[in-house]
Amino acid sequence: TLNAATFVESAVYVKRFDARLTPQGGDAYVVGHDQTSGSYFNHQDRTAYRTEVSTVVNRVGTGRVVPTLLRVGASVDYVTYSGTNVSAPVRFLRSDGSLAKTVTFSGSSDVDGSATEYGAFVTRHSKWTPSLDVEFGLRLDGSSLATHPVVAPRVELVWTAPDQGRTTVKGGGGIFADRLVLGAHSFDTLQQR
C-alpha cells in the first residue's frame, strides 16, 4: 500500500506442465476402408515451463464527476518446452485388404521451443450513476514469436437495477487476442512424411 488511494499487486509464477501421448501397444497402425486397427502411430512426451512476473498499480480516485478505479499493469513471461514427437509407419489398405501404401516418417524426433511474451494494460472503472458502471481499457500483448504486438481496446457497461442488486445487465466489446501456441514454433522441425 503506497497511500490511502494507491496499492500495488506483484506476483511471480513458475509452472510446469507435462504432456504425454502414448500408444496402447506396439502393433502397427493400419487404416482400411471399414476399420482402423493396431496402435496409434504417434508418441509424444513433452515438458514445458512458464515463468511470469506481473505488477498492477491500483488507484482509487474521486475524479471530477464520478468515483473511479484506475488500474495500470504489466507482465513478462518466459515459456519453454522440450521433448520428443515420434511417428511410426502407417499402413493403408485397399478394399480387398491388400497393402496400398506405407507412410514412414524421417528426421529428428526432438522438439523444443521458447518465447518471451509481454503485456501491458490500463483500465478505468467509473460509477457514472448509482445504477451504471462503465469500464474503458486498452491492452497491449506481444511475443518474440509474433511479427508485431496487438493493441486491443475494450469497453464494458454494467447496469444494476434499483431492486437491491438482484438484477444486473452486463455488456461489452473489444478486441481480444490470445497467446500464441508455443508448439507452432516447432512445426517446421517435426518429422517429415
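The values are calculated or read from the model by the stated rules, or taken from the named source; none is laboratory data. Only a predicted model underlies this, so the values are computations on that prediction, with no experimental measurement involved. Using ideal geometry, Cβ is built from the backbone for each residue, glycine included, and neighbour counts are taken over all protein chains shown. Areas reflect the complete protein model, heavy atoms only, side chains present, ligands, DNA and RNA absent. Shrake-Rupley method; radii C 1.70, N 1.55, O 1.52, S 1.80 Å.
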Segment 150-160, residues that are surrounded by 15 or more Cβ atoms within 10 Å (Cβ to Cβ) and either modelled with pLDDT of 90 or more or assigned to a loop (DSSP other than H, G, I, E, B) (or both): V150, A152, R154, E156, V158
Segment 150-176 residues that are more than 14 Å from T129 (Cβ to Cβ), paired with ones that are small (G, A, S) and assigned to a loop (DSSP other than H, G, I, E, B) (beta carbon under 6 Å, 6 or more apart): V150/A177; A152/A177; T167/A161
Breaking point among (1) more than 19 Å from V31 (Cβ to Cβ); (2) surrounded by fewer than 13 Cβ atoms within 10 Å (Cβ to Cβ), for K101: (1)
Failed condition for V65, given (1) under 30 Å from L93 (Cα atoms); (2) at pLDDT below 90: (1)
Single match in L93, L69 (criterion: over 30 Å from G183 (Cα atoms), in contact with a His (Cβ under 6 Å, 6 or more places away or on another chain) and touching a residue at least 40 places away in the same chain (Cβ under 8 Å)): L69
So F92, is it in a strand (DSSP E or B), out of contact with any Asp or Glu (no Cβ under 9 Å at 6 or more places or on another chain), over 21 Å from E52 (Cα atoms) and aromatic (F, W, Y): yes
Filter result (open to solvent by 90 Å² or more (accessible area, probe 1.4 Å) and modelled with pLDDT of 95 or more) within segment 1-14: V12, Y13, V14
Lone qualifier among R124, R179 - being assigned to a strand (DSSP E or B) and closer than 28 Å to V57 by Cβ: R124
Whichever residue in segment 161-190 is open to solvent by 40 Å² or more (accessible area, probe 1.4 Å) and among the polar types (S, T, N, Q) and, among such residues, is modelled with the lowest pLDDT: Q164
Which numbered condition S144 misses (of (1) more than 19 Å from T55 (Cβ to Cβ); (2) open to solvent by less than 60 Å² (accessible area, probe 1.4 Å); (3) of a type in the set (G, A, S)): (2)
